[in-house]
Amino acid sequence: MGVDFDGSMAAQKPLFDTGSFTGYHRVFGLGRSGYLSATKHLKEPLCGNEEGWGPLSPIRYDFTPCFIDVWIASVAVFGLVLGAIAIWWLLRWRRPTDVAKDWHFWTKQTLLVLVIGDIAAQLGIQIANYGDIWFQDFRVWTTAATILSLFVIFTIQWLEQSRLRNANGVVLFYWLFLLIAFAVKLRSLISQHIYSENKPYFITYCVGFGLSVVEFAFEWLWPKKSNAYEALVEEGECPIEYATVFSLLTFSWMTPMMKYGYSQFLTEEDLWGLAKKDTTKDTGSTFDKAWQHELNHRKHPSLWRALFRAFGGPYMLASVFKIMNDLSAFTQPQLLRFLIAFVGSYHRAGQEPQPVIKGAAIALAMFAVAFYQTVMIHQYFQLSFVTGMRIKGGLTSSIYRKALKLSNEGRSSKTTGDIVNYMAVDAQRLQDLTQFAQQLWSAPFQIIICMVSLYQLVGWSMLSGIAVMIFMIPVNGLIARYMKNLQKQQMKNKDARSRLIAEIINNMKSIKLYAWGAAFMNKLNFIRNDQELKNLRRIGAGQAFANFTWSTTPFLVSCSTFAVFVLTRDEPLTTEIVFPALALFNLLTFPLAVLPMVITSIIEASVAAGRLTAYLIAEEIQEDAVVVKPAVEEIGEETVSVRNGTFSWNRHENKNVLHDINFSANKGELTCIVGRVGMGKSSFLQSILGDLWKVKGEVVVHGSVAFVSQTPWIMNATVKENIIFGYRYDSSFYERTVKACALLDDFTQLPDGDETVVGERGISLSGGQKARVALARAVYARADVYLLDDSLSAVDSHVGRHLIDNVLGPKGLLSSKTRILATNSIPVLSASDYICLLRDGEIAEKGTYRQLVAMRGLVADLINTTGRNDSGEASPVVSTSSGSDSETSTVIDAERAMEKEEMEEAEERLGTLQSIRPGPGNSSSTQAKARSSSMATLRRASASSFRGPRGKLHDEESPKTKQAKEHSEQGKVKWSVYAEYAKTSNLGAVAVYMVTLICAQAAQIAGSFWLQKWSEKNTEVGGNPDIGKYIGIYFVFGIGAAGLTATQTLILWIFCSIEASRKLHERMATAIFRSPMSFFDVTPAGRILNRFSSDIYRVDEVLARTFQMLFSNLARSGFTLAIISYTVPAFLVLIIPLSAMYIFIQRYYLHTSRELKRLDSVSRSPIYAHFQESLGGISTIRAYRQQDRFEHENEWRVDANLKAYFPSISANRWLALRLEFIGAVVILAAAGFSVVAVAGGSPLTEGMVGLAMSYALQITSSLNWIVRQTVEVETNIVSVERVLEYAQLPSEAPEIIHRNRPPVSWPARGEVEFSNYSARYREGLDLVLKNISLDIKSHEKIGVVGRTGAGKSSLTLALFRIIEADTGNINIDGLNTSSIGLLDLRRRLAIIPQDAALFEGSIRDNLDPGHVHDDTELWSVLEHARLKDHVAAMDGGLEAKIHEGGSNLSQGQRQLVSLARAMLTPSNILVLDEATAAVDVQTDAMLQTTLRSPLFAHRTIITVAHRINTILDSDRVVVLEKGEVVEFDAPLELIKKRGVFYGLVKEAGLDTE
């Protein structure tokens, strides 16, 4: 290849004749100066040949014999130096394994010995021919060095057999370079006629060359025997770990997956494992170390420095590849210049045409450079992406870890949505930055090289070009700044919208019950249309203007440069200058276009980095808030003590929740904490957990803790997994736990027993079931200290009794433990050992039950207000414990060493993560069983080792309650989706867009043709005539093209894309609001949110961009191929095979890539779902000290996602490399055919070749982009498909039926009649209500009772038609409710639901989202609800802020807000669904008086009760059992009957007289 490209060669006939491609020629008598000839004395140092060092021979078109060996010598040196390093590396870092040396190995080594022998023979012939000067001749030393280097290679091949699973890179490159050098030398030998002058040498040389080729093929293509390794290999590992260097450079290691993906749809099981360096565990700890280093060494820790420290290494390597790529890109225009000169030499008079080999060499060089460039740029991309992937993994893991450590202050400013956003959006921003960050130095570097190259072409005229660029930079800067501000605003709007959506989805039930759909829809539309899309329009206009400036810049640069050149220089502006200059200007486009993108990306990333830094340094829980000591052994020893404790929710405000607390609890005691709503009961428990900021004092806890929060935290898993909660499964104890917690009946009702998956936030369980599952989890954990926050309030009184007897009381399962229970339930007080009454954050009274009753203080009042004396004590307590009391209860601690082993075992398992069925089969638990055979002793639960995520424990049966797996379409996206998208985009606008697109492309090309015409004219004349005409027309073409580009952007954004996304979002939102409740029961909120956040984002911002790039590249490539074919018609022959190959690769890629992308997006939502879930249960996770297990689970989920992400980015590289190779072939063909055509005497002009080549050089990137963008379009159109899927969800009954609207006063009387009513929650489930017939008179007060799960709440849902009738109907005032619209029905009924849903916003928004009531009404209902004082005390009164989920009000206060809402609804029917469950006794009493006050006298009230005493004064009571009415009569009558109701009353310990 090394051919002198200087055209000013002495024009000698023999040179042209010997310049054939193979070197073969018939010119004889060129003197005796072959490779084997030597002079008597050295003419030049180290060279004993007449022709000297050359490098070009004066008599043939060839290198001189001495110079020919420089190539081979350099390969030998490469082998010696790098080979030595490779040997050291193999011996130092690679352990040998015993791998049999098979025939393949021996064949390879024998071949190598033969090659060495052959070269030694050549050395002999050389010494014989060179005479006396042989030891001074370079050619002899080269051959000797080659032999030495082959010995080094022999050693490496010997060592790698047992130490490497692939061929060593040094060896492969050595053979490749050696063969190239041998081939060049062979041509030279043919040109010197060695084949006739010294046959033995020529034959020996050819044999050596042949053997080397075979040896190379053996080493490279013959795969290693793998069976010897299979024992060492984990299945599912990534082939990248043992791919050869060629395979890494060409991404061939991806081919097996591409093949597999082409033949069938890929699933999760087909994915390879991650390389160890890429696993989240690894990246997480790497980042953690770096971040800790920052925190310890710097006052202002910088996330950037930490990331660089953790992941910067490979990224720096990427920049080396980038430099190589940039340099090679600028050699192309130089080569183009030589090519044009070569073509010109055949046309110009008085100039000797240049030899063919020179043209061929130029064409080959262009091909080689193009391919080299491709290889470099993709190594750079791959490293960048992998770095990005590691950053994402490391950050995700750190964000998750941090979330588990955040304190209350840290949490208060950040809602769950925000924290999930850090993971979803901000970490992603930093990941995206890795693709652009290198451009920060690379773009200026490219611009500088470009300028230098231009200077060589056009001299100082290029300064005018620089001036234009410098002028454009601030313009682009301004646009970028404008865009950045819009982008920031966009982020805010997006956040606001996703927060609103999240709240709407989480509180959908309440929105439906209150018929608030319209109010929230308006709220959503306001944010979406008036804020978000308005802003998007601005972004679109900005984008169009930016496109205009970016596309005019390179054009203005070229225009001004040429103009200045023509005006200031005398020499003509020839093709040799114009086309290389054009190619350089085209190269300029990229760095110029990318700089603004880089700047925006950096700005976005720095905003994200700022947010993340603030989050990562946010306050964590106080490390020393609680002192944990080892568990105590004896009953009666102190286990919890608080001395002089003062606690606050916020360390920066001096508002303390609890002050001067002195408290202690002992092993084996039940302590009750009582007090009114908002007096600090829950805060007290949390202070023992360490969740509060300890202002002063000390808290000591002995042993492990189990905690049940007031709102039970239930994971999206099976009931069993919720109870076992990561401990080892111990069947006998599990049975006892479930029995004690009264869950057995529920298991029989649940569709799959305890294998039922409960859905997000335990959605498919009733309130009481959730509470008991959470309690069972605590019992199963067998901790030392139990903190129970009001576990009894959500369960019915008889169940409460059962729990007191079997779990909490003196004979319960936990009798040997310390139990601290915050409660409002009176029956449990009598069973307690100790009672504390909290009042305004202080302990007002404490003592035993007897003492306090005798004191007649606050506690005694509390007990008396419930209207019952110590009747509870009279009821005999039946013990279910089989252990006799004489047995001393001791808790055997699991041996610590054993737990350690389990942890290690868990660590090892993490690699493979196979899932197991939990079972008592582990040896350690059987030992423990033997040791704790007595039933009364509870062994501490030991942590189960982590074997992959929960939810994987059962694949045998397919349970009915499984949430529908997220539907991921397979295969091609249907055309109907595109059609639908085009329709929503407005077809007219789309057509106009297409026309402008083609015109813009045509104008650009016309400009180039005009240039060609102009430059050829100049060459002809030898000067520059008609300057004004030529420049003017060129200018018009350029500006026209840019203007059209801007127009097409505007049309696409404003008229197509934004229109479409507005309609799509609206359709989806409407569909969600109209979906029946059953949809929300089976669909996790995260999944719906995902459609509203990421899918809508794609439709908003990504799709338009992708379509635009796709279409413009399609147009560009089409025009390019046309131009090349017009110039070199021979090229047409190639178009068909190349297109076939292109389409084949593209199909191949599409199949696999599409599935990988889908797997990537499907495996992404579980990460966020799990994260969101964990955020909800942080205090529980912390209390059980299970942070590690949840971190593992998070890492596992992120890895599962990266397993799909990594192959999907590698697939892009795999594709790009192959397509750009086709592009390189196009360049080779265009150049090669031009050379052949010109040499064959065709009238091809330089201008045409220049024009064709300058376009051919661009085709590689276009071809690549087309496929990439088709896939991007496919990937992103999936979002449209998903949005449409939700837009077509089945909806509930219509909101209003116009023919059938109830009268205005309806329901005036408030009579309710159920006739033969049955209902189920959704298709395929059992009936929850069966044949119910009830007749409720006007203004009656009805109580509904029954055990948990009997269908009490379902009755209320049926009334509101949240569940629809299966058979029968409900009449209100004689009107069939199924015959009117839902809105009419729900607006006319009032309800106080079980869980009070509060929204982020003001108190006014929460009471009256539609803003239909005035202030006086609102204040009066607040007063009736006993909330007036509290609200008046908040900042802003009615406008006071309520946080997400109402977190700044206590549970009782939230319940009171619902009461206030119910009073606002002017209805004659009021439904109370266990409304007083979370309220303390006094507030409850006040509520009851309110409900019995004249305000409610004229209403029909239906109360679903937990506490039987609240409904004893009802007119009639409905008793439900298993969804059927078993009794319906006045309470006293029912008690006389001694039926089911009597039993319930008795269990509640009420006086049955």
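Just checking, which of L1472, L1495, L1449, L1456 is modelled with pLDDT under 85, surrounded by 22 or more Cβ atoms within 10 Å (Cβ to Cβ) and either more than 30 Å from N650 (Cβ to Cβ) or touching a His at 6+ places or on another chain (Cβ under 6 Å) (or both)? Unique residue meeting the criteria: L1472.
Selection of helices (runs of 4 or more DSSP H) fully inside segment 1080-1165 by the criterion of at least 2 residues being more than 30 Å from T396 (Cβ to Cβ) returns 1103-1127, 1131-1162. When residues in segment 1032-1071 are screened for being within 30 Å of F555 (Cα to Cα), in contact with a Phe, Trp or Tyr (Cβ under 7 Å, 6 or more places away or on another chain) and buried (at least 19 other Cβ atoms within 10 Å of the Cβ), 10 of them pass.
Taken over segment 238-286, the criterion of being closer than 21 Å to Y1148 by Cβ, in contact with a Gly (Cβ under 9 Å, 6 or more places away or on another chain), open to solvent by less than 60 Å² (accessible area, probe 1.4 Å) and not in a helix (DSSP H, G or I) is satisfied by C238, L271, W272. Each residue in segment 1236-1265 was checked for being at pLDDT 85 or above, open to solvent by 10 Å² or more (accessible area, probe 1.4 Å) and β-branched (V, I, T), and 2 pass. Screening V598, V607 for residues that are part of a helix (DSSP H, G or I) and either in contact with a strand residue (DSSP E or B) (Cβ under 8 Å, 6 or more places away or on another chain) or open to solvent by less than 20 Å² (accessible area, probe 1.4 Å) (or both) leaves exactly one candidate, V598. In segment 1392-1436, of all residues being touching a strand residue (DSSP E or B) at 6+ places or on another chain (Cβ under 9 Å) and outside any loop (DSSP other than H, G, I, E, B), the one that is surrounded by the most Cβ atoms within 10 Å (Cβ to Cβ) corresponds to I1392. Scanning segment 145-175 for residues that are open to solvent by 30 Å² or more (accessible area, probe 1.4 Å) and free of Cβ contacts under 8 Å to residues at least 60 places away in the same chain yields F151, F154, W158.
Note on segment 124-137: among residues that are of a type outside the set (S, T, Y) and crowded, with 20+ Cβ neighbours inside 10 Å, the one that is farthest from T39 (Cα to Cα) is Q126. Exactly one residue among V627, V564, V578 is open to solvent by less than 30 Å² (accessible area, probe 1.4 Å) and out of contact with any Lys or Arg (no Cβ under 9 Å at 6 or more places or on another chain), and that residue is V578.
D530 - would you say it is assigned to a helix (DSSP H, G or I) and open to solvent by 30 Å² or more (accessible area, probe 1.4 Å)? It is true that D530 is assigned to a helix (DSSP H, G or I) and open to solvent by 30 Å² or more (accessible area, probe 1.4 Å). T1083 meets all of the listed conditions (1) modelled with pLDDT of 85 or more; (2) surrounded by 20 or more Cβ atoms within 10 Å (Cβ to Cβ) but one, namely (1). For segment 499-520, taking the residues that are more than 13 Å from G1445 (Cα to Cα) and open to solvent by 30 Å² or more (accessible area, probe 1.4 Å), the one that is nearest to the chain's Cα centre (by Cα) is identified as K509.
Of all residue pairs spaced 6 or more apart or on separate chains, those with beta-carbon atoms under 7 Å, a first member in segment 187-199 that is of a type in the set (V, I, T) and a second member that is assigned to a helix (DSSP H, G or I) are I194/Y201; I194/F202.
Tell me yes or no: at least one residue of segment 49-58 is more than 27 Å from L159 (Cα to Cα), of a type in the set (A, V, I, L, M, F, W, C) and either outside any loop (DSSP other than H, G, I, E, B) or open to solvent by 10 Å² or more (accessible area, probe 1.4 Å) (or both). Yes, the conditions are met somewhere in segment 49-58. Picking from residues in segment 533-561 that are open to solvent by less than 20 Å² (accessible area, probe 1.4 Å) and of a type in the set (S, T, Y), the one that is farthest from the chain's Cα centre (by Cα) is T561. Does E409 fit the bill of being farther than 30 Å from S1242 by Cα and either over 24 Å from the mean Cα position of the chain (by Cα) or surrounded by fewer than 21 Cβ atoms within 10 Å (Cβ to Cβ) (or both)? So E409 fits the description; yes.
Answer with yes or no whether T1152 is more than 22 Å from the chain's Cα centre (by Cα) and surrounded by 21 or more Cβ atoms within 10 Å (Cβ to Cβ).
no
The set of residues in segment 1369-1384 that are touching a residue at least 40 places away in the same chain (Cβ under 8 Å) and open to solvent by less than 10 Å² (accessible area, probe 1.4 Å) comprises I1370, I1372, I1380, G1381, L1382, D1384.
Residues in segment 1412-1440 that are at positive phi and at pLDDT 85 or above: there are none. Looking at I470, I466, just one residue is surrounded by fewer than 18 Cβ atoms within 10 Å (Cβ to Cβ), touching a residue at least 12 places away in the same chain (Cβ under 8 Å) and more than 29 Å from E532 (Cα to Cα), and that residue is I466. For the criterion of being in contact with a strand residue (DSSP E or B) (Cβ under 7 Å, 6 or more places away or on another chain), within 25 Å of S510 (Cβ to Cβ), modelled with pLDDT of 85 or more and of a type in the set (A, V, I, L, M, F, W, C), I1362 fails. The set of residues in segment 1301-1352 that are surrounded by 21 or more Cβ atoms within 10 Å (Cβ to Cβ) and of a type in the set (G, A, S) comprises G1310, A1319, G1343, G1346, G1349, A1350, G1351. Kindly list, by first and then second residue, each pair from a residue in segment 410-438 that is closer than 23 Å to F308 by Cβ and basic (K, R) to a residue that is modelled with pLDDT under 85 and crowded, with 20+ Cβ neighbours inside 10 Å, limited to pairs with Cβ atoms under 6 Å and residues at least 6 apart or on different chains. Hits for this filter: R429/E604. Residues that are free of Cβ contacts under 8 Å to residues at least 40 places away in the same chain and either in contact with a Phe, Trp or Tyr (Cβ under 7 Å, 6 or more places away or on another chain) or of a type in the set (D, E, K, R) (or both) within segment 331-378 comprise just one, R348. Of the residues contained in segment 1522-1535, one or more are found to be surrounded by 16 or more Cβ atoms within 10 Å (Cβ to Cβ), touching a residue at least 40 places away in the same chain (Cβ under 8 Å) and β-branched (V, I, T). One residue alone among I826, I763 is under 30 Å from T1083 (Cα atoms) and modelled with pLDDT under 85, and that residue is I763.
The values are calculated or read from the model by the stated rules, or taken from the named source; none is laboratory data. Here the structure is a predicted model, which is why all the values come from computation and not from measurement. Methodologically, a virtual Cβ is constructed for each residue, glycine included, from the backbone with ideal geometry; neighbour enumeration extends over all protein chains shown. Accessible surface areas use protein heavy atoms only, side chains included; no ligands, DNA or RNA. Shrake-Rupley method; radii C 1.70, N 1.55, O 1.52, S 1.80 Å.
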